[in-house]
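Written below as structure tokens is the structure these notes are about.
The values are calculated or read from the model by the stated rules, or taken from the named source; none is laboratory data. Small disclaimer: the values here were computed from a predicted structure and weren't measured. Note: ideal-geometry Cβ built from the backbone for every residue, glycine included; neighbour counts use all protein chains shown. The area values use the complete protein model at the heavy-atom level, side chains included, leaving out ligands, DNA and RNA. Shrake-Rupley method; radii C 1.70, N 1.55, O 1.52, S 1.80 Å.
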Amino acid sequence: VQLQASGGGLLQAGGSLRLSCAAAGRTLSNLIMGWFRQTPGKEREFVAAISGSGVRTYANSVRDRFTISKDNTKNTVYLQVNSLKPEDTAVYYCAASTRGDALYDTDPIRYNYWGQGTLVTVSS
């Protein structure tokens, strides 16, 4: 599975952005797709995930501001990020898992495939 993330940028606090992750090599209906983020010196942090059937999970820190979705016809997963805060600044990675237990486990080790990351910078 190849993953290509895009959509990052520089925004002011309170702004919105939509990140995209195009998948190739396997259909989304057979994968759990996740978004993670990472800042320098810190571990990769779970943000959100969506199952093949569309069940969603979120980190508590983003639950009311971020929305994960997907378009199976385009084999693409999205992360709509609203009300951005400076602490949301990070490299955002999309990931794919063929493991059934990945949806409710936030450990990145559950994911087999990773995209290259897209940088989101939020200024105050």
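Filter segment 50-76 down to the residues that are assigned to a loop (DSSP other than H, G, I, E, B) and basic (Lys, Arg), then identify the one that is nearest to Ile32 (Cα to Cα). Checking each candidate, the answer is Lys74. Of the listed requirements (1) crowded, with 18+ Cβ neighbours inside 10 Å; (2) in a strand (DSSP E or B), Leu84 misses just one: (2). In this structure, does Gly34 turn out to be within 20 Å of Tyr111 (Cα to Cα), modelled with pLDDT under 95 and surrounded by 16 or more Cβ atoms within 10 Å (Cβ to Cβ)? The answer is no for Gly34. Yes or no: Val47 open to solvent by 10 Å² or more (accessible area, probe 1.4 Å), at pLDDT 95 or above and part of a strand (DSSP E or B)? No, not satisfied. Of the candidates Ala13, Ala48, the single residue that is in contact (Cβ under 8 Å) with a residue 24 or more places away in the chain and under 20 Å from Gly117 (Cβ atoms) is Ala48.
Per the listing Leu119, Leu79, the residue uniquely part of a strand (DSSP E or B) and either of a type in the set (D, E, K, R) or open to solvent by 50 Å² or more (accessible area, probe 1.4 Å) (or both) is Leu119. Among the conditions (1) open to solvent by less than 40 Å² (accessible area, probe 1.4 Å); (2) at negative phi; (3) under 14 Å from the mean Cα position of the chain (by Cα), the only one that Gly7 does not satisfy is (2). Of the residues screened, Ala22 is one that is part of a strand (DSSP E or B), farther than 14 Å from Leu103 by Cβ, in contact (Cβ under 8 Å) with a residue 24 or more places away in the chain and open to solvent by 30 Å² or more (accessible area, probe 1.4 Å).
The combined condition, being at pLDDT 95 or above and within 17 Å of Gln4 (Cα to Cα), is fulfilled by Ala95. Residues of segment 51-71 that are touching a residue at least 40 places away in the same chain (Cβ under 8 Å) and surrounded by 13 or more Cβ atoms within 10 Å (Cβ to Cβ): Ser51, Thr57, Ala59, Lys70.
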